[in-house]
Amino acid sequence: MEGFIFYVKLGFYHVMDFGAYDHILFLLALALPFNFRQWRAVLILVTIFTVAHCLSLALAVYGLLSVSAAWVEFLIPITILATAIFNCLMKIDVAKHQHLGLHASLTGFFGLIHGVGFSNYFRMLMADEPDKFVPLLGFATGIEFSQIVAIITALLLSIVAVDLFRLNKAFYIRFFSILIGIVTIPMIVNAFP
């Protein structure tokens, strides 16, 4: 159990490391169009992202999926920028499920990319370990806990900006999506293989 908890913490702090904030940026961009009243849509998207990245993480750790680390590190900021652009271009009407299917499909695909990125870090830690199942389970659990924290933080920021400070919701989504996009561009340039 002690080893499992160690890997839960490792997964949690891997995402919450502000020195490597790419995953947090993606989650913030993903949650920007939503608020707590739309929790079902957020839950659907986060679940799709989680299933996708856990699948590719496990496949990569067990050697069933291999992608160049350089390309993965380049594609991760591309997913962030694409999500930010999607937020600026699409008016997501959750009540009518407008564009939610497209959003879910992109989220699943981007989850696969992020999972391979997590696997690169995890494999460096576990290079000599024969049994990877319990550490992998702990690491993935830690990642999920960190995602919950990031999504709740994004939804709370929405409450503060839109409900408390009365920012127009469309302006809020576009402004912060553009800001996330601007922050992401140097990451893309620096990671180009």
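Each reported figure results from applying straightforward, stated rules to the coordinates on display, with no laboratory input. Source: prediction; values computed, not measured. Cβ atoms come from the backbone with ideal geometry, glycine included; neighbour counts cover every protein chain shown.
Tabulated data
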item: Rough spin-label spacing in nm, given labels placed 7 Å along Cα→Cβ, for Phe165 and Met90; result: 2.6 nm
item: Relative contact order of region 2-188, defined on C-alpha pairs under 8 angstrom at six or more residues apart (%); result: 43 percent
item: 0 to 90° range, to nearest 10: angle between helix 22-31 axis and the chain longest Cα axis; result: 40 degrees
item: Using alpha-carbon coordinates, inclination of helix 39-61 to the longest axis of the chain, degrees; result: 20 degrees
item: In region 111-193, the chymotrypsin sites (Phe, Trp or Tyr not before Pro) that fall in loop regions by DSSP, at most 16 other Cβ within 10 Å; result: Phe165
item: Nearest-0.05 FRET efficiency for Ile44 and Leu125, computed from C-beta distance (R0 41 Å); result: 0.85
item: Cβ-based net charge around His114, under 13 Å, with every Lys or Arg adding one and every Asp or Glu removing one; result: -3
item: The chain: angle of helix 2-15 to the longest principal axis, Cα-based, in degrees nearest 10; result: 40 degrees
item: Three-way shape label, region 104-162, alpha-carbon gyration tensor, a/c 1.5; result: prolate
